[in-house]
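Provided herewith is a single structure, encoded as C-alpha cells, for subsequent inquiry.
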Amino acid sequence: MARQRIICDCDPGHDDAVALMLAANSPELELLGVTVAAGNQTLDNTARNACRVLQWLGREEIPVYAGCGRPMVRDRVTAGDIHGETGLDGPVFPPLRKAAEKEHAVSFLVRTLLESQGDVVVVTSGPMTNLGMALRMEPRIADKLQRIVLMGGSYTNGNVTPAAEFNILADPEAAHVCFTSGRPITMIGLDVTRKVLCYPEIVERMAKVNTCASRLFVDLMKHFCKTQKEIFGWEGGPLHDPVTIASLLDPSLVTTKPMNVRIDLSHGDSYGRTNCDAFGYLGLPATADVAVDVGVERFWDIIEAGLRRYGETEAGT
C-alpha cells in the first residue's frame, strides 16, 4: 500500500511535538516537510522547536521551513501561558545542529503542491497562515490539495474566548481562505480533542515504553499538564494536535459529521468562531467534515505504538 504523503504545518507547541513524533516515523505516512508559523510562540521559537524535536528523534533529514511570523490581518497572539517562553518549556534539549531551510514555508507549499499529483494532505495544527497565504499567492494549488486536516475550531465553545479556539482566533482570515478553498476539509476541534486528556496514568504508561520519543513525551507532558491544570483545572492536559495524525493512521478513530462551516470575521465578541451548522438550519452545502467523537482508548494505543517505533535509540543524538 502506498504511503500517504503529508505536510505538517504547525507551531510547536507541546502537542504539536507529539504530532510530529507520530508523523516522522510512521510506515503509513511520508512526511514531505514541516512548515511552521508563529502561533504558540514567535516564529523563531516555533522553527527552532521543530528542528529540536526532529533532531531529538533522529529524523534530521526531514526539512523544516519557517513561514509567516504574523497573521494575515490581525495582531499576533501567542500562547506563552500554556507553552512557556520557548514554546516547548520542560525538556532540556542538547545543542541544536539542525537548521531550518532557506526557502520560505509558503514557497515550499506552493512548489510541492504544484509538483504533486494531487495526493498530498496538508495537516495544520497551528494558525492556518502559511496555507492561507499559499492559496492566495497561487490559487492553482487548491486543485492539488487532496485534503486539509486541521486541529482547530469548535462547534460549541472556545478555549481563548467563549466563542473561539486558539488556532483559528490566531488568524481567522487565513482560516476563512482555507475553508472557502473548495477542497475537502476535516476539522478536528476542541469538542473532540478535549476528550483525550493526558492523565498522570497515561504519562506513567508512556514512560514505561522507554524510547527517546517516550522520554521526550514525558518531559513535555510534565510542563503541559501543569499549565493546563493551572489555567483550566484539568487533571490531564488535552492532547489536541496529535488527533490529526492519529486520524490519518486510523480513519475509524474519529467520527465526523458534514457541516457548513463559516469563520466569524466580524472582529466582535465572536471573532474567530467556527460557525458550524450542525443541524443544517441554513440549508447550505456542507463545507467540512467536523469531528464529533473520538475513540479515546484507541487514541492512546496509537500514541504508544508511535513512541515504540523509535526503539531504544539515544535521545538527542
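The values are calculated or read from the model by the stated rules, or taken from the named source; none is laboratory data. All values reported here derive from a predicted model rather than from experimental measurement. Cβ placement follows ideal geometry from the backbone for every residue including glycine, while neighbour counts extend to all protein chains displayed.
Quick one: which of T46, T78 is out of contact with any Ser or Thr (no Cβ under 9 Å at 6 or more places or on another chain) and polar (S, T, N, Q)? Please lay out each step first, then the result.
Details: T78 fails: out of contact with any Ser or Thr (no Cβ under 9 Å at 6 or more places or on another chain).
Testing whether each residue is out of contact with any Ser or Thr (no Cβ under 9 Å at 6 or more places or on another chain) and polar (S, T, N, Q) leaves just T46.
Give just the number: which of (1) crowded, with 20+ Cβ neighbours inside 10 Å; (2) more than 30 Å from W300 (Cβ to Cβ); (3) basic (K, R) does R52 not satisfy?
Here R52 clears every test but (2).
Starting from residues that are closer than 19 Å to P251 by Cα and aliphatic (A, V, I, L, M), keep the ones in the range 269-294 and report whichever is surrounded by the fewest Cβ atoms within 10 Å (Cβ to Cβ).
Checking each candidate, the answer is V292.
Further, regarding this structure: Considering every residue within the range 94-111, establish whether at least one is in a strand (DSSP E or B), over 19 Å from the mean Cα position of the chain (by Cα) and not aromatic (F, W, Y).
Yes, some residue in the range 94-111 is in a strand (DSSP E or B), over 19 Å from the mean Cα position of the chain (by Cα) and not aromatic (F, W, Y).
Only one of N167, N159 is surrounded by 19 or more Cβ atoms within 10 Å (Cβ to Cβ), in contact with a Gly (Cβ under 7 Å, 6 or more places away or on another chain), among the polar types (S, T, N, Q) and under 25 Å from L253 (Cβ atoms); which? Let's see the steps before the verdict.
Values: N159 fails: in contact with a Gly (Cβ under 7 Å, 6 or more places away or on another chain).
The conditions single out N167.
Another one. Out of everything in the range 222-242 that is touching a Lys or Arg at 6+ places or on another chain (Cβ under 9 Å) and buried (at least 19 other Cβ atoms within 10 Å of the Cβ), what residue ends up being modelled with the highest pLDDT?
H240
Regarding T78, is this residue β-branched (V, I, T), over 21 Å from A305 (Cβ atoms), touching a strand residue (DSSP E or B) at 6+ places or on another chain (Cβ under 8 Å) and outside any helix (DSSP H, G or I)?
no
Further question: What do you reckon, is A105 touching a Phe, Trp or Tyr at 6+ places or on another chain (Cβ under 6 Å), within 30 Å of M221 (Cα to Cα) and either surrounded by 18 or more Cβ atoms within 10 Å (Cβ to Cβ) or β-branched (V, I, T) (or both)?
yes
Continuing with the same structure: Would you check which residues across the range 1-51 are basic (K, R) and either on the phi > 0 side of the Ramachandran plot or free of Cβ contacts under 8 Å to residues at least 60 places away in the same chain (or both) and list them?
The answer is R3, R48.
Moving to a separate point now. What strands (runs of 3 or more DSSP E), lying completely within the range 201-317, carry at least 3 residues that are closer than 25 Å to A175 by Cβ, touching an Asp or Glu at 6+ places or on another chain (Cβ under 9 Å) and among the hydrophobic types (A, V, I, L, M, F, W, C)? So that I can check it myself, show each step before the final result.
Values: elements: 254-263, 274-277, 288-294.
Of the strands (runs of 3 or more DSSP E) lying wholly inside the range 201-317, those with at least 3 residues that are closer than 25 Å to A175 by Cβ, touching an Asp or Glu at 6+ places or on another chain (Cβ under 9 Å) and among the hydrophobic types (A, V, I, L, M, F, W, C) span 254-263, 288-294.
Going by what's in this entry, would G311 be described as closer than 30 Å to R97 by Cα and at pLDDT below 95?
So G311 passes the test.
OK, next. Search the range 108-150 for residues being without any contact (Cβ under 8 Å) to a residue 40 or more places away in the chain and under 24 Å from V77 (Cα atoms), and hand back the single one that is surrounded by the most Cβ atoms within 10 Å (Cβ to Cβ).
A134
State all residues of the range 206-221 that are surrounded by 15 or more Cβ atoms within 10 Å (Cβ to Cβ) and of a type in the set (K, R); if no residue qualifies, say none.
Listed by number, the list holds a single entry, R215.
Looking at L265 and the list (1) modelled with pLDDT of 95 or more; (2) among the hydrophobic types (A, V, I, L, M, F, W, C); (3) buried (at least 20 other Cβ atoms within 10 Å of the Cβ), which single condition is not satisfied?
(3)
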